[in-house]
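Novice: Please find one structure pasted underneath; my questions will follow.
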Amino acid sequence: MFKSKGLWILFCISIFMFGITENIKGAEVQNNKMEAEGFSQSGLLFDANRNTYTKCESEGNITLSNSEGIYGIYIEFDCLPQEWTLTNPETGKSVTCGTYSFLHEYVDVKALFEIIPTQLVLTFAADTTMADIYMFSDENIPEWVQIWHPPCEKADLLLISTHSDDEQLFFAGILPYYAGERGLQVQVAYSVQHFEVNGSRNHQRPHEQLDGLWTVGVRNYPVMSDFPDLYAESKDRNVAFKQAESAFASAGISYDDFISYITGCLRRFKPLVVVSHDLNGEYGHGAHVFTASALTEAITFASDETKYTDSVQKYGTWNVEKLYLHLYEENQIEMNYDIPLEHFGGKTAFEVSQDGFGCHKSQHWTWFYKWMYGTSDNPIKKAKDIPNYSPCKFGLYYTSVGNDVNGGDFFENVKSYEERHLEELKAEQERLEQERLEQERLEQERLEQERLEKECYEQERLEQERLEKERIQKENTKRLIIAGIAVVLIVGAVIVLRKNKRGKNG
C-alpha cells in the first residue's frame with residue numbers, strides 16, 4: 001500500500017463512526033499524527049485526493065507528528081501560496097518556506113533543521129488553499145514526489161508555450177530529449193494561465209501541467225503570465241490575430257502586454273535557444289498566433305535597453321542566439337523524436353511526451369487525444385506518423401550564429417552553458433598551467449642564473465686565489481733573489497775583507 005518502507009501517507013479522516021463534521025482536527029495512523037486548525041474542512045488535507053481542497057479563512061496551522069522522525073514533507077496547494085513558516089517545536093527554530101510559490105512543494109526537513117524532528121508546526125497565511133499534505137519518515141522519497149528547482153537563471157533552451165498541454169502536443173519530444181536525455185537547462189514559459197477559466201476556479205489543469213512536465217524530465221519550475229486563456233480560431237492568420245486581440249482587449253490585455261511579458265522572459269532566463277509556436281497558430285488558434293507574433297518582436301526588443309525598461313532594470317538586456325518556430329518554412333529542419341532514450345529506459349522522446357500528455361486528463365475529450373495517440377485501429381506510435389502540425393518540423397526564424405547545415409538539432413552551432421562553463425574551466429586550467437609552466441621556467445632561469453653567478457663568483461675567487469698565489473710566489477722569489485744577492489754580496493765582501501787583511505799582514 002505504501003510506496004516505500006518509510007513513506008507515511010495520511011488518509012482521509014472525514015469519516016468516523018459518529019459522523020462527519022467540518023471541524024475535524026486531524027487523524028492518526030499508527031505512529032503518525034496530523035492536526036489542523038483554521039481550515040474549514042481539515043480532513044480534506046489528509047485524504048490524498050487533489051479533487052478535494054480546503055481553505056483557511058484566517059491563519060492556519062498544521063501540526064505533524066511522527067515518533068520515528070519527519071524526514072520531509074510534501075504539499076500540493078490548490079492555488080499559488082504565499083510564504084509560510086515551518087517550526088520545529090523541539091528547538092524553537094523557524095524557517096520560511098514557499099519563497100518560490102510552488103504549487104507542489106517538497107521540503108527537505110533534515111536539510112533545513114540539520115536534525116530529524118519528531119514534530120513540526122506549519123503556519124499559513126489567510127486564504128491559503130490546499131489540496132493535500134504528506135510526510136515521510138526516511139530519505140526514500142517516492143518518485144511521484146516532485147522536487148522542483150527554481151526557474152532557470154540561465155536557460156540553454158526556453159520553450160514558450162501558449163497553453164498547458166501545447167508543450168506535450170505541438171512540441172512533443174523536445175522536453176524529454178533536451179531536458180531529460182541531454183540534461184540541458186530547459187525552461188518552460190506559458191503565455192496564459194489556467195488557474196481561472198471564464199471567471200471560475202480551475203482545480204485540475206495547474207496540477208496536470210506540473211505532472212506532465214515532471215513526467216517528461218523537466219525539473220526547473222515553469223512560469224506563466226497572468227493572462228487568461230481566451231479562445232479564438234481561424235485558418236486565416238490575420239483574422240485569428242484580430243479575434244485574439246479583441247478577446248484579450250475585453251479582458252484589459254493588449255498585444256503590447258504580450259510583447260512585454262515575452263521580452264521579460266527572454267531577459268530573465270537569458271536563453272541561448274528559443275522555441276515557440278507556428279506563426280499561423282498551428283490549427284489557427286488566435287492565442288498561438290498572438291504568442292508567436294509577439295515573440296518575433298520581443299526577440300529584437302530584448303537587446304534594446306530603451307524598450308520595456310521595467311524588465312531591463314530587473315534583468316538587463318539579452319541577445320538570443322537562435323529562434324525556432326513550429327512549422328516555419330524557411331531554414332526548416334526536421335527533428336527525430338523516435339529514437340530510444342537511455343534516460344527514459346528505452347522509450348522514445350515522442351513516447352515520453354505521450355506519457356506527458358496522458359497527465360492532462362481534463363483535455364482528453366478534445367481532438368488532440370486522437371492527434372496524439374490515434375485510434376485503437378490506427379494508433380500513433382511515432383512522431384513522424386502525425387500527419388498534420390507535425391511536432392518534428394521547425395524553421396530557424398532568427399540566428400546570430402549562422403544557419404544550420406546538418407539539421408535535426410536546435411543546438412547546432414550553439415554550445416550549452418555547461419559546455420561553455422567547462423570550456424571556461426578548461427581555458428582557466430590551461431591559463432593556470434601556462435602560468436605554472438612560466439613560473440617554473442622563470443624559476444629555472446633564476447636558479448640557472450644563480451648557478452652561473454655562483455660559478456662566476458667561484459671562478460673569480462679561484463682566479464683571485466691564483467693571482468694571490470702568483471703574487472706571493474713572485475714576492476717570495478723576489479725575496480729569495482734579493483736574499484741571494486745579499487748573501488753573494490756579503491760573501492764577496494767577506495772575501496775581499498779577508499784578502500785585504502791578509503795583504504796587510506803579509
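The values are calculated or read from the model by the stated rules, or taken from the named source; none is laboratory data. Predicted, not measured: the structure shown is a model, and the values here were computed from it. Don't worry about glycine lacking a Cβ; one is built from the backbone with ideal geometry, like all the others, and counts go over all protein chains shown. Areas reflect the complete protein model, heavy atoms only, side chains present, ligands, DNA and RNA absent. Shrake-Rupley method; radii C 1.70, N 1.55, O 1.52, S 1.80 Å.
Novice: Of all accessible surface on the chain at a 1.4 Å probe, what whole percent is carbon and sulfur?
Specialist: 50
Novice: Taking every DSSP beta bridge with both residues inside the chain, roughly what % is antiparallel (nearest 5)?
Specialist: 80
Novice: Which three semi-axes in whole Å describe the equivalent ellipsoid of the stretch 202-253, each the square root of 5 times a Cα gyration tensor eigenvalue, listed largest first?
Specialist: They are 29, 14, 10 Å, listed from largest to smallest.
Novice: Turning to a different aspect of this structure: From the convex hull of the Cα coordinates of the chain, what is the mean projected area in square nanometres?
Specialist: 48.8
Novice: Contact order normalised by length for the stretch 227-301, with contacts defined as Cα pairs under 8 Å and 6 or more residues apart; what percent is it?
Specialist: Reported relative contact order: 43 percent.
Novice: Taking only protein heavy atoms and a 1.4 Å probe, what accessible area per residue, in Å², does the chain have with all protein chains in place?
Specialist: Here the per-residue accessible area is 52 Å².
Novice: Add -39500 (n - 2.57) for each DSSP H run of 4 or more in the chain, then divide by its residues: what number comes out at 222 nm, to the nearest 500 deg cm²/dmol?
Specialist: -12000 deg cm²/dmol
Novice: Follow-up. Which of the lysines could a cross-linker span from Lys426 if the Cα-Cα distance has to be under 29 Å and same-chain partners fewer than 8 positions apart are dropped?
Specialist: Lys154, Lys270, Lys322, Lys415
Novice: Taking the Cα centre of the chain as origin, work out the dipole magnitude from +1 charges on Lys and Arg Cβ and -1 charges on Asp and Glu Cβ, in debye rounded to 20.
Specialist: Dipole size: approximately 4040 debye.
Novice: Would you please give the residues with an amide H less than 5 Å from that of Tyr221, counting only those at least 5 places away or on a separate chain, with H modeled from the backbone geometry?
Specialist: Residues meeting the amide H criterion: His149.
Novice: Among 99-108, 477-486, how do they line up by average Cβ neighbours within 10 Å per residue, starting with the highest?
Specialist: Highest-to-lowest ranking by the protection proxy: 99-108, 477-486.
Novice: Now, a different point. Considering only protein heavy atoms, with the full assembly of protein chains and a 1.4 angstrom probe, order Asp310, Asp165, Asp257 by accessible area, largest first.
Specialist: Of Asp310, Asp165, Asp257, the descending order of accessible area is Asp310, Asp257, Asp165.
Novice: Here is a follow-up. Taking a cut-off of 25 Å between Cα atoms, list the lysines near Lys382, but don't count ones fewer than 8 places away on the same chain.
Specialist: Excluding near neighbours in sequence, the set is Lys347, Lys361, Lys370, Lys393.
Novice: Here is a further query. Run a plain Debye calculation on the stretch 399-506 (Cα atoms as equal point scatterers, no solvent) and give log10 I(q)/I(0) at q = 0.12, 0.18, 0.20, 0.23 Å⁻¹, rounded to two decimals, same order as the q list.
Specialist: -0.80, -1.01, -1.07, -1.15
Novice: Sticking with this one: Ordered by packing density, taken as the mean number of other Cβ atoms within 10 Å over each peptide's residues, highest first, how do 146-157, 399-410 rank?
Specialist: The most tightly packed comes first, giving 146-157, 399-410.
Novice: For the stretch 149-296, how big is the tail of P(r) above 19 Å, as a whole percent of Cα pairs?
Specialist: Across the stretch 149-296, Cα pairs with separations above 19 Å total 50 percent.
Novice: For a quick check: with amide H placed at 1.01 Å from N, whose amide H comes under 5 Å from Phe170's, ignoring anything fewer than 5 positions away on the same chain?
Specialist: Correct list: empty.
Novice: Something else about it: For Cα pairs less than 8 Å apart in space and 6+ apart in sequence, what is the mean separation divided by the residue count of the chain, i.e. the relative contact order in percent?
Specialist: 11
Novice: While we're looking at this one, here's another question. Loop only by DSSP, 14 or fewer other Cβ within 10 Å of the Cβ. Give me the trypsin sites (Lys or Arg not before Pro) in the stretch 225-276 that pass, ordered by residue number.
Specialist: Answer by residue number: Lys235.
Novice: When we measure straight from the Cα of Lys469, which lysines land under 24 angstrom away, once same-chain ones fewer than 8 places off are left out?
Specialist: Once the sequence-local lysines are set aside, what remains near Lys469 is Lys454, Lys478.
Novice: What are the residues whose amide H is under 5 Å from the amide H of Asp278, where those residues sit 5 or more places off or on another chain and H is modelled from the backbone?
Specialist: Here His326 satisfy the definition.
Novice: Ranking request for peptides 460-469, 279-288: highest mean number of other beta-carbon atoms within 10 Å first, then the rest in descending order.
Specialist: So the peptides 460-469, 279-288, ranked by packing, come out 279-288, 460-469.
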